[in-house]
Amino acid sequence: MQYGTIMMLVSLCAASLLASPAKDQATRQLAIHTAARRTLDAAEAIREPGLERQALIASELTTAIADARIHAQRSKSRERLKDDVRALLTAAFHDQRAAILAVAQEQSPLPLSEADILAVLRGRHEPVLDVSIHAYLESNYPGLFEQVRDDAVARARQTLDRQVMQPAFEALDPAILKVAGDPPRWPAQWDAQQTAALRKTVAELTRTSDQPQLEEVDRYVRELSQRVAEAIRAQIEAQRDLADSLLADVDVTTARLASEFGRDVLAAFESRWSRREPEVTEVTRYPLFTLVEQHVGRESDRIEISRMAAFLVDTPFLAVTADAVRPVMAAAPQEHLIFADSRKRLLAKLQQERRPALGLAYADGSDIPDEVSAALTRRLQQIGDPVQIAFLKRLEAELDPILLAERKRLSDAQISGHFAWLEALERLPDEVLIHVLDRGDAPLSSLAEALAFWGGVESMPAAPLPPLLEETADWVRLRTANLITAAASTLREQLALLRAIENERQTSLIEDVGAGKPYAQIHAEWLDVYTRRWGEQPLADGPYAALTGPARVALDRAVRQHYEATEQSLAEARQQQDSESVEASAAAADAAGLEATEDPPVPEETVAPEPDEAEAEPEAETIEGGAGAGPPSGGEEGLAERVMPDVLLILREQEQGGGEAVMITAAGQLRWTFDARDVHGAVEAIYDGMQPGLMALVDMARGRSTERSWFGLRKRRETPQVSFHLVVESGAVRHRSSLLLHRRIEEHFAQDHAAPISLDWQASLDW
Amino acid sequence: MKQDAFEAIDRLVGRGTGMSGGLSPNDVLVQIALPLVLILAIATRLITMGQALTDQDRGAIILDLWKQQLILRMEQVLTRWEQKAELPAFPDPDRIRWVDGWPDDARFARLCRATQELENIDELSWTLYREALAYKPPVEADAGVFFPLHDPLLAATPPEHMPADFVMDYARRAFALDYLRERGLQWRERVTTLQWSVVGEAVAHLSPEDPLSDGRLAVQLRRISAALAARDMPLLPSVAGAYGEE
């Protein structure tokens, strides 16, 4: 401070003190008091700031919000700026206090300081200021923040509106092609992924800055990008619609080639698209997108094809008549035996003949006939081209009815000429039916197989056949197969009926045989029943009204087998009764006179004879015949006294199909299954299933082996014997199976030559 | 080193060697210039007051008869007015009694009411001039001291046998009015001082949160004035309206 200034101030102070009237003192006090009051008012006024201060705060907020890195999120920005506004208001209050002090100092003739004002305030302004700032932040600040924020967003939007709405065509066009995919899909068919890809592309193309944006701006950019993307999609669709309408408009062009067609359509498109009112004003009107241009190209190709195909459908140059076909087939009949081959050859010939005339006919009236003709000819020669396919279809449609009629005519001639005998047959003759028994009704796969079936038929002409059409061969094969099928069904029905009659007449047969009725009479009765019952069957109304030859043979055989088996059974029963009475007499004699004799000899006559094949065979025949060779269950007294054998093996059918073997011994019962259709397999299965029981039987039989003396004259070791009774209840078990089984079991017991076991083998249809 | 510190302290308190030669400007200001200025100011004030007293003494030395009679009469009237206005009771503001931040003094209230006439000193001077010419002593014994003075402006017809020397002319009348005006100004200065003191004291007691408080200086003064008027202590308009309207 300058010395002179200090001196002047000192002088003034001294003068003031010396001449300070009461008014000056009072004025100073008033100035201090009003300053204090204004300070309080200023603190209170923070609550409701004036326009100027609001504008100042808004300006500060605007500046702060411009930094989007910090204020991207609206809610966080609002909270963060509260502190700034609080500091701003506090600073403004302090500025106001300074202004108040300056005014007070100006008003007062005597010096005063801020300390004087603070002494009057005594800190009252601080809580007032806090409450006012809080009230402002709660009431005025939110609205001001929202307004400032909205203004900032609105300004950013205005900028974005100018930038985002104009994605560059050069960048957008290839992006749309990429989004549309390959094959391209129209925007209306786009999935969510494609739609999002376009939106992302638009956002990237119109990105204004890499800097972070306010969240509202980001959202707006997304929405705007979406709207722009939607507008672009709509514009693509509009271009496509316009292009489609031009493509469908026959007045646009009469061109026949795709190149001409596309050129004319694109020219018309440009003219109309530029005059068209924009449907969406948000985006600029883009020129023709490549996606639509490619669509026009594809559609032009399609229209070229469709026009050519339409021509081929209607043109009279492709009409085909029988006169065009017949000489070709007659020239080389061997090449036309198979329908497909014949058709293929004829189509190739027709294509070759008709193709040149088509090009000229289609080019008639065109401005560029050579190009049009060449284009059609090129397509006609290109395999798989739609035009070539249409050409072929037209020829097929023309040829097929002609060819079918011609071939039917030729086939009918071959049938009537060479297979009149087959055409006349209603049923298979008996001499052929025996073959049906062998082969069944399996389908015939070829003409050769059919002809082989008729090989032994006298009525079939022996002269060599000419080359037959496919249709003729099929007729012969199907005709033969149908006759075989009908015959096989008839044979199955007649043999089934015979088995039923066999079962029904078992009892009466035993009675008849026991009563000594002659075989011829019994056979006549069976034939009568068989004939009458067949006449009641539905199949008897067809060509097979009478019993077939194989059925008659089966009847003869069955009656004979049943008759002989029953007769033999009755004889064996009588023989056993006689044997038992002899044994009873011998036992009585032994008891009377030879009680002291040790090991009485066994008479030779009581030794059971070894079963041989001669005995087994009739049993086997009985089984083969399907009728019971043994006694009917629960019937005769003599049979009822039959002793339980060591092994009772029952072969029967299961309800669900297949065979079941039941082995009953003193040790217990065994059950297992087998497949009766396979003879050898069934024997092996039955034999394997018997193994556990057979081992026990061998041990038991050897345990029973004893030495006996015949009336004390000599001792003899008796061969152990096992009685085995086979009951065949299943009609599926073949006779051969029972024979093989008998042999296997016999071999099993004879394995040990040192101690062989004899087998007492019996077989019957029931027990 | 230690010795240097002690010497520095001595120099600082003025007891060290070479004091006069080492004074800084601040030392000169505080120790010499300021007391000197104060002494000069007090002396100037005392000289001014002495000259004023000398001038008064010199005027009383030479007086005409009419002037003696006139001054005698005016002093009687002035004294009576001064006593009526309770001016002698308040030689300084400390004599005013205060209760709860506001003056509570009946005599001061009377002073405030009575001194309202001081706001128009010319009119008061005329009033006192008429009273002085018409003054009659209350005690008969003093009647011989007073003899009548005639002012043609106040009464057209002079009393009988009125000497021409006792007729008030323009110059004599102007002298009388100046005399009275000078005294009125002195009174008003005293009253103004008293009232400003009261205003300052009242404001000092007033809380800024009080409803009577206001941030505007003129308004605040008027509110104080109104509050005092409500207490029957009206301020002089020149005091109450010292800051004008705001």
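The values are calculated or read from the model by the stated rules, or taken from the named source; none is laboratory data. Since we're looking at a predicted model, the values are computed, not measured. Methodologically, a virtual Cβ is constructed for each residue, glycine included, from the backbone with ideal geometry; neighbour enumeration extends over all protein chains shown.
Could you list, in sequence order, all residues of the range A:116-137 that are farther than 18 Å from A:Q105 by Cβ and within 11 Å of chain B (Cβ to nearest Cβ)? First the steps, then the outcome.
Step one: of the range A:116-137, the residues farther than 18 Å from A:Q105 by Cβ are A:122-137.
If the condition is that a residue be farther than 18 Å from A:Q105 by Cβ and within 11 Å of chain B (Cβ to nearest Cβ), then A:R122, A:R124, A:H125, A:V128 are the ones that fit.
Determine whether A:L497 is within 22 Å of A:H435 (Cα to Cα) and modelled with pLDDT of 90 or more. Break it down into steps so the answer makes sense when it comes.
Details: within 22 Å of A:H435 (Cα to Cα): yes; modelled with pLDDT of 90 or more: yes.
Criteria met by A:L497.
So how many residues does the range B:83-107 have that are surrounded by 17 or more Cβ atoms within 10 Å (Cβ to Cβ), out of contact with any Lys or Arg (no Cβ under 7 Å at 6 or more places or on another chain) and assigned to a helix (DSSP H, G or I)?
Of the residues in that region, 1 qualify.
Are there helices (runs of 4 or more DSSP H) fully within the range A:335-424 with at least 2 residues that are surrounded by 14 or more Cβ atoms within 10 Å (Cβ to Cβ)? List them.
Values: elements: A:339-363, A:369-381, A:386-418, A:420-424.
Ranges flagged: A:339-363, A:369-381, A:386-418.
Before we move on, is A:V217 in contact (Cβ under 8 Å) with a residue 12 or more places away in the chain and over 24 Å from A:E293 (Cα atoms)?
Yes: the conditions hold for A:V217.
How many residues are without any contact (Cβ under 8 Å) to a residue 40 or more places away in the chain and closer than 12 Å to B:Y129 by Cβ when one looks only at the range B:154-177?
Count: 2.
So how many residues does the range A:241-255 have that are in a helix (DSSP H, G or I) and touching a Phe, Trp or Tyr at 6+ places or on another chain (Cβ under 9 Å)? Break it down into steps so the answer makes sense when it comes.
In the first step, residues of the range A:241-255 are kept if they are in a helix (DSSP H, G or I); the result is A:241-248.
Now drop any that are not touching a Phe, Trp or Tyr at 6+ places or on another chain (Cβ under 9 Å), which leaves A:242-243, A:246-247.
Number satisfying all stated conditions: 4.
Can you name the residue in the range A:452-478 that is among the charged types (D, E, K, R) and out of contact with any helix residue (DSSP H, G or I) (no Cβ under 6 Å at 6 or more places or on another chain) and is also modelled with the lowest pLDDT among such residues?
Taking the range A:452-478 and keeping what is among the charged types (D, E, K, R), we get A:458, A:470-471, A:474, A:477.
Those left that are additionally out of contact with any helix residue (DSSP H, G or I) (no Cβ under 6 Å at 6 or more places or on another chain): A:458, A:474.
Details: A:E458: 62, A:D474: 92.
Looking at the filtered set, the residue picked out is A:E458.
List the residue pairs whose Cβ atoms are under 8 Å apart, where the first residue sits in the range B:85-102 and is within 17 Å of B:T193 (Cα to Cα), the second is of a type in the set (S, T, Y), and the two are 6 or more positions apart or on different chains.
B:A85/B:T115; B:L87/B:T115; B:P93/B:T193; B:P93/B:S197; B:I96/B:S197
Report, by residue number, each residue of the range A:256-275 that is among the basic types (K, R), closer than 17 Å to A:G297 by Cβ and in a helix (DSSP H, G or I).
Here is the first cut: in the range A:256-275, the residues among the basic types (K, R) are A:256, A:263, A:272, A:275.
Still in the list and also closer than 17 Å to A:G297 by Cβ: A:256, A:263.
Answer for the range A:256-275, where residues must be among the basic types (K, R), closer than 17 Å to A:G297 by Cβ and in a helix (DSSP H, G or I): just A:R263.
Conditions tested, residue by residue: (1) within 30 Å of A:A452 (Cβ to Cβ); (2) aliphatic (A, V, I, L, M).
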| position | (1), (2) |
| --- | --- |
| A:R477 | yes, no |
| A:I484 | yes, yes |
| A:Q494 | yes, no |
| A:E502 | no, no |
| A:I510 | no, yes |
| A:A520 | no, yes |
| A:W534 | no, no |
| A:L539 | yes, yes |
| A:A545 | yes, yes |
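Need the failing condition index for B:L185 against (1) within 27 Å of B:I224 (Cβ to Cβ); (2) without any contact (Cβ under 8 Å) to a residue 40 or more places away in the chain; (3) among the aliphatic types (A, V, I, L, M), just the number.
The single condition B:L185 does not satisfy is (2).
Out of B:D94, B:D104, I need the residue that is of a type outside the set (V, I, T) and within 14 Å of another protein chain (Cβ to nearest Cβ). Which one?
Numbers: B:D104 fails: within 14 Å of another protein chain (Cβ to nearest Cβ).
Sole residue among the options that is of a type outside the set (V, I, T) and within 14 Å of another protein chain (Cβ to nearest Cβ): B:D94.
Note down all Cβ pairs under 8 Å where the first residue falls in the range B:29-43 and is at the interface with chain A (Cβ under 7 Å from one of its Cβ atoms), the second is assigned to a helix (DSSP H, G or I) and among the β-branched types (V, I, T), and they're at least six residues apart or on different chains.
B:L29/A:I6; B:L29/A:V10; B:A33/A:V10; B:L34/A:V10; B:V37/A:V10
Looking at (1) touching a residue at least 12 places away in the same chain (Cβ under 8 Å); (2) of a type in the set (D, E); (3) within 19 Å of A:V320 (Cα to Cα), find the lone condition where A:E353 falls short.
Answer for A:E353: the failing condition is (1).
Take the residues of the range A:24-57 that are assigned to a helix (DSSP H, G or I) and within 13 Å of A:L89 (Cβ to Cβ): which is nearest to the other protein chains (Cβ to nearest Cβ)? Explain how you work it out, then say what you get.
First pass over the range A:24-57, keeping only residues assigned to a helix (DSSP H, G or I): A:24-45, A:51-57.
Those still in the list that are within 13 Å of A:L89 (Cβ to Cβ) too: A:42-45, A:53-54, A:56-57.
Values: A:A42: 9, A:A43: 11, A:E44: 10, A:A45: 11, A:R53: 17, A:Q54: 21, A:L56: 22, A:I57: 23 Å.
In this case the residue turns out to be A:A42.
Inside the range A:643-667, can you point out the residues that are surrounded by fewer than 15 Cβ atoms within 10 Å (Cβ to Cβ) and charged (D, E, K, R)?
A:E655 - this is the single residue of the range A:643-667 that is surrounded by fewer than 15 Cβ atoms within 10 Å (Cβ to Cβ) and charged (D, E, K, R).
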